[in-house]
1. Could you check, for the stretch A:302-313, whether at least one of its residues is under 22 Å from A:Ala113 (Cβ atoms), at pLDDT 95 or above and surrounded by 19 or more Cβ atoms within 10 Å (Cβ to Cβ)?
2. Is it true that some residue in the stretch A:170-184 is within 14 Å of another protein chain (Cβ to nearest Cβ), touching a residue at least 24 places away in the same chain (Cβ under 8 Å) and charged (D, E, K, R)?
3. A:Arg121 versus (1) surrounded by 15 or more Cβ atoms within 10 Å (Cβ to Cβ); (2) charged (D, E, K, R); (3) part of a loop (DSSP other than H, G, I, E, B): which is the lone unmet condition?
4. Among (1) farther than 16 Å from A:Cys338 by Cα; (2) open to solvent by 30 Å² or more (accessible area, probe 1.4 Å); (3) more than 14 Å from every other protein chain (Cβ to nearest Cβ); (4) at pLDDT 95 or above, which single condition is A:His438 missing?
5. Within the stretch A:343-359, identify whether any single residue is within 21 Å of the chain's Cα centre (by Cα), within 14 Å of chain B (Cβ to nearest Cβ) and open to solvent by 30 Å² or more (accessible area, probe 1.4 Å), and answer yes or no.
6. Run A:Tyr383 past the list (1) more than 14 Å from chain B (Cβ to nearest Cβ); (2) within 30 Å of A:Asp39 (Cβ to Cβ); (3) within 21 Å of the chain's Cα centre (by Cα) and report the number of the one that doesn't hold.
7. Conditions: (1) open to solvent by less than 30 Å² (accessible area, probe 1.4 Å); (2) part of a strand (DSSP E or B); (3) over 21 Å from A:Asn10 (Cβ atoms). A:Leu408 meets all but one. Number of the miss?
8. Can you give me the number of residues within the stretch A:186-214 that are assigned to a helix (DSSP H, G or I) and open to solvent by 30 Å² or more (accessible area, probe 1.4 Å)?
Amino acid sequence: MALSRLFIANRGEIALRVLRAAQALNLETVIGVSDADRDSMAARLADRRLVLGPGPAAKSYLDARLVVQAARASGCDALHPGYGFLSERAELARLCAEHGITFVGPEADMIEALGDKLRAREMAAAAGVPLVPGSGEIASAADARRIADDIGYPVLLKAAAGGGGRGMVIVNAPDEIEAGFHRASAEALAAFNDGTLFMERFVPEARHVEVQLVGDGKGQVVHFGERDCSVQRRYQKVIEEAPCVAMPGTLRAKLHEAAVNLAKSVHYRNAGTAEFLYDVMRGEIYFIEVNARIQVEHPVSEMVTGRDLVQEQLRVAGGEGLSVTQDDVVLTGHAIECRINAEDPNRDFVPVPGTVTRWRPPEGEGIRLDSHIREGASIPPFYDSMIGKLIVHAETRDAAIDRLIGALDRFEVEGVPTTIPLHREVLRDEHFRTNRIHTRWLEQDLFAAQRMAAE
Amino acid sequence: MSGNDPLADLERLIEEFKHSGLRELHARCGDLEVYLSQESGASGLDAPRVSVSAPASGAVAGAAPVAPASPSDAPPAAAPERDWPENASLVRAPYLGTFYRAPKPGSPPYVEIGASVSADTEVCLVEVMKLFTAVRAGTEGRVAEVLASDGELVSAGQPLFVILPE
């Protein structure tokens, strides 16, 4: 059931990335874009472009019925959702199935199960994957207090339906638990229409480590190593790298095994990521969640394995299975990616839409740029602020840092402010260089040091 | 006018302004007000105003809101600088983005016309690229007018509410 014509239901750099993978597999491509993106690079390069609706995403990229109708009307037999937008909405997978279109992703039921963090935890527990000490659903503030006493403070209250840091509250002591419970519950209800909470032990200095997986839906799962995404701002990843050299080899092997076991136990189909917290002090890993999509930071895994994950994703969707076995996947060197956003670092990273008047990306050995931007491109105000990802590959982490600094120094962008200065600063920081960082390091330490220097 | 693609029109105006040799440009047409400056330290719409008439092409009018119900198809000509009462305070958009009157879809608006507000009262949300900012009244008084409609694209510094003293 090989695919022949692919509908790309996304925009920006990932639309272009999917387009190129599809072209490499000789698939015809149709892209559905909003009016604001009608002249975007992916829209120009696709075999056919359909305008779904006006700029606001609710009327274009987020309208599942519209998207599936467009795919059907253009004779597509498969649909790739990219990341964000509808990529992890069971509704889209279901509509595709109803209309005989192959969804490049897991089955609708699997998306639903993995999207519910409590159910995902249960699956992980069943597969023997280590979990951070925590609870199931919490019924009340009193219940929360009893569980927290059991787990030990500090604890983290989390929304069962959550993501992106919303509905998440850290509680340091018993006298804060009641207020914390009500705040997290209200936030969760407002953000996800579901106030259900659970609790985990809070690990103050954790690294975020995740395993790249591809499963064929029949029980075959291959991992492509792990990524370390510990440089974060407001729970958003800023810099990602592979491999996680901060982790001892034996623990890395355990991490890969846990992730693969989890995906195998549910016959996972699609590219996916199992996310873990790495408690450096205790030397332990704890499962967080599975992201059932291709992720923004997938290129670092591609750089160290030499494999094309989006092509693998298309292959398993089409029923052809993986092109590689685990033994074929060999990790070489070190890769680092930084996300370049149209944001103003001097104004608390406010996103800035506009027109890119100058765009001179660096080129050279070991440098890759995933971006849809060219000179004159407009950055509409309706979508997220990422305008590109700069990725480097070198023999060692040190060499990769040096290569990325050099590449960023040569990167010329005008028309909108970008986060390039932030990346240059992080990469030059001694803590980053010596790899003594954790997920709150950027905000808690580096930004605080900047403020002190400014005073 | 070419109101089909408001963003492109706004972009074109910005491009034209860049090459015009003008230092500042402040234009308004209907609901839309644009302030452009070549000076990096310019203080936006609070700066002394240099009035420049809108280009004959009516590009500015095309940059009016994208919401379907918006009056963006109004004739571009003769949109006079509107005079606010002496004692009026304006609540302006902090940046270019989408204007929302309610905290989330289906909720009642933050404020209605006639509502009493204090400086800290949140009156609307402006969202750009997933960043939501709650905008406060900034002054005490009563909401006399709402100048933008829900879901509309507003530009930086565009007046959103008129607040009059009680």
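The values are calculated or read from the model by the stated rules, or taken from the named source; none is laboratory data. It should be emphasised that the depicted structure is a prediction, and the values quoted were computed from it without experimental measurement. So basically every Cβ, Gly included, is an ideal-geometry build from the backbone, and we count neighbours across all protein chains shown. The protein model used for the area step is the full one, side chains on, heavy atoms only, and it has no ligands, DNA or RNA in it. Shrake-Rupley method; radii C 1.70, N 1.55, O 1.52, S 1.80 Å.
1. yes
2. Pass one, the stretch A:170-184, residues within 14 Å of another protein chain (Cβ to nearest Cβ): none.
Within the stretch A:170-184 (the criterion being within 14 Å of another protein chain (Cβ to nearest Cβ), touching a residue at least 24 places away in the same chain (Cβ under 8 Å) and charged (D, E, K, R)), the answer is no, since none of the residues qualifies.
3. (3)
4. With respect to (1) farther than 16 Å from A:Cys338 by Cα; (2) open to solvent by 30 Å² or more (accessible area, probe 1.4 Å); (3) more than 14 Å from every other protein chain (Cβ to nearest Cβ); (4) at pLDDT 95 or above, A:His438 is out only on (2).
5. Among the residues of the stretch A:343-359, not one is within 21 Å of the chain's Cα centre (by Cα), within 14 Å of chain B (Cβ to nearest Cβ) and open to solvent by 30 Å² or more (accessible area, probe 1.4 Å), which makes the answer no.
6. (1)
7. Failing condition for A:Leu408: (2).
8. Step one: filter the stretch A:186-214 for residues assigned to a helix (DSSP H, G or I), giving A:186-192.
Of the ones still in play, those that are also open to solvent by 30 Å² or more (accessible area, probe 1.4 Å) are A:186-187, A:189-192.
The qualifying residues number 6.
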